[in-house]
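Here is the structure we will look at.
Just so it is clear, none of the values below were taken in a lab; they were calculated from the coordinates. These numbers were taken from a predicted model, which means no experiment stands behind them. All Cβ positions, even for glycine, are placed from backbone atoms using ideal geometry, and neighbour counts span all protein chains on display.
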Amino acid sequence: MTPLRWTLLVVVLLVLGVLSLFVVQNLGRTTDLSLDLWVWAAHLRQPVPVPWLLLGTFAAGFLLGGGWGLVGRMRANSRVEQLEQDLARASLRGGGGGGASYGAGASGAGGSARSGAGGPEDDPWG
């Protein structure tokens, strides 16, 4: 095993040890939970152990954050696919030039910034 894997193993074991110690020391502690919205109120029937409460809130945050991230990733993937299709259509259609323009650029005429009139020695992009 590499030193990086040993370090990662030690860190994971330390975190698991601290979490286990927290659960063992605080499993007997309970708390009453209530939510009062002035129109509607909720109250748990029995007190909840603190470690279970933390585990539940962590899981809920993980699910909400993971769902949000998954939606964003799906949107980004569909956008990448759309751009790849546009690029493929543009390369089949036009040939040679390299696709669509991406704004006014340095030329100011709506073309690419690389479409200057100078020779290869004037091209900063190589």
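Once the Cβ-Cβ distance between VAL11 and LEU55 is put in as r, and R0 is 22 Å, what FRET efficiency do you end up with, to the nearest 0.05? Mind showing how you got there, number by number?
Details: r = 21 Å, r/R0 = 0.94.
Efficiency at R0 = 22 Å is approximately 0.60.
Given all pairs of different Cα atoms, what value in angstroms does the Kirkwood hydrodynamic radius of segment 3-43 take?
Details: mean 1/r = 0.0740 Å⁻¹.
One over the average 1/r among Cα pairs gives 13.5 Å for segment 3-43.
Read phi for every residue in segment 23-30 and hand back ³J(HN,Hα) as whole Hz from Karplus 6.51 cos²θ - 1.76 cosθ + 1.60, θ = phi - 60°, with x for Gly and Pro.
Running phi through 6.51 cos²θ - 1.76 cosθ + 1.60 with θ = phi - 60° gives 5, 5, 6, 10, 5, x, 7, 10 Hz.
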